[in-house]
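Got a structure for you, questions after.
The values are calculated or read from the model by the stated rules, or taken from the named source; none is laboratory data. The shown structure was predicted, so the numbers you read here are calculated from the model rather than taken from an experiment. We place every Cβ from the backbone using ideal geometry, glycine too, and count neighbours over all the protein chains shown. When the accessible area is computed, the model is the full protein with side chains, heavy atoms only, and any ligands, DNA or RNA have been set aside. Shrake-Rupley method; radii C 1.70, N 1.55, O 1.52, S 1.80 Å.
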Amino acid sequence: MLVFTYGVRIIVVALAYVSLLSAAPTYAGTNHKVYLPAIVVAPLDPLTIGLNAINQERAAVGAAAVRLDARLNAAAQRFADNLAARNSLDPAHEGSDGSMPWDRAAQAGYDYTWLAENAALDFVPDYEAAVEVWHNSPSHYANMVDKTAKDIGLGHASIDTPEGVNHYFVLVLGAQ
């Protein structure tokens with residue numbers, strides 16, 4: 001298996017040996033069959049792309065890699081859905097039900113000792129764009145690369161507007 005990095009996308013290539021013909025050709029004068037490698041590219045899911053982009057930012061400052069946590073994913077997705085439903089980032093970090101990031105994490109079953117949340121609005125539907133927005137904001141960047149973080153959750157939701165599609169991204173970082 002080979003791994004290539006293209007930007008922040010990591011492409012995994014698995015080599016499989018297959019015959020081009022049902023009866024594989026042989027070398028002249030031998031009984032050895034000729035097999036050619038086939039390249040299979042496995043696409044990465046959006047959460048893995050987001051995780052890789054965040055870990056690339058963290059590695060640049062010497063912070064350890066974080067891992068996706070299903071409970072934090074649920075908390076992040078809940079808030080992303082809420083942001084898209086109201087089509088606004090305001091009030092910052094407060095859900096329409098009055099919940100705050102620590103409430104959503106606890107309700108998702110994540111017992112934290114440290115927690116932070118980033119939210120972003122973008123017109124591009126991928127986590128790499130959101131990571132770039134957070135990179136360019138000092139407070140969001142500080143959260144993203146905080147060495148206390150061990151786990152993350154990611155959420156994305158979108159809404160069609162007369163001006164185009166608004167994409168809301170949420171990153172919840174935590175430690176237990």
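Go through region 65-119 and give me each residue that's farther than 26 Å from LYS147 by Cα and in contact with a helix residue (DSSP H, G or I) (Cβ under 6 Å, 6 or more places away or on another chain).
GLY95, SER96
Do we find that LEU121 is surrounded by fewer than 17 Cβ atoms within 10 Å (Cβ to Cβ) and assigned to a loop (DSSP other than H, G, I, E, B) in this structure?
no
Let's see how each residue does on (1) modelled with pLDDT of 95 or more; (2) surrounded by 13 or more Cβ atoms within 10 Å (Cβ to Cβ); (3) under 20 Å from ASN82 (Cα atoms):
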{"residue": "GLY109", "(1), (2), (3)": "yes, no, yes"}
{"residue": "ALA116", "(1), (2), (3)": "yes, yes, yes"}
{"residue": "GLU128", "(1), (2), (3)": "no, yes, no"}
{"residue": "PRO138", "(1), (2), (3)": "yes, no, no"}
{"residue": "MET144", "(1), (2), (3)": "yes, yes, no"}
{"residue": "THR161", "(1), (2), (3)": "no, no, yes"}
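Are any of the residues in region 150-173 in contact (Cβ under 8 Å) with a residue 24 or more places away in the chain and in a loop (DSSP other than H, G, I, E, B)?
Checking region 150-173: at least one residue is in contact (Cβ under 8 Å) with a residue 24 or more places away in the chain and in a loop (DSSP other than H, G, I, E, B).
Any idea how many residues of region 74-91 are under 14 Å from VAL172 (Cβ atoms) and of a type outside the set (S, T, N, Q)?
Count: 8.
Considering region 48-96 alone, what residues qualify as being open to solvent by 50 Å² or more (accessible area, probe 1.4 Å), closer than 18 Å to TRP134 by Cβ and assigned to a helix (DSSP H, G or I)?
Listed by number, the residues that qualify are GLN56, ALA59, ALA60, GLN77.
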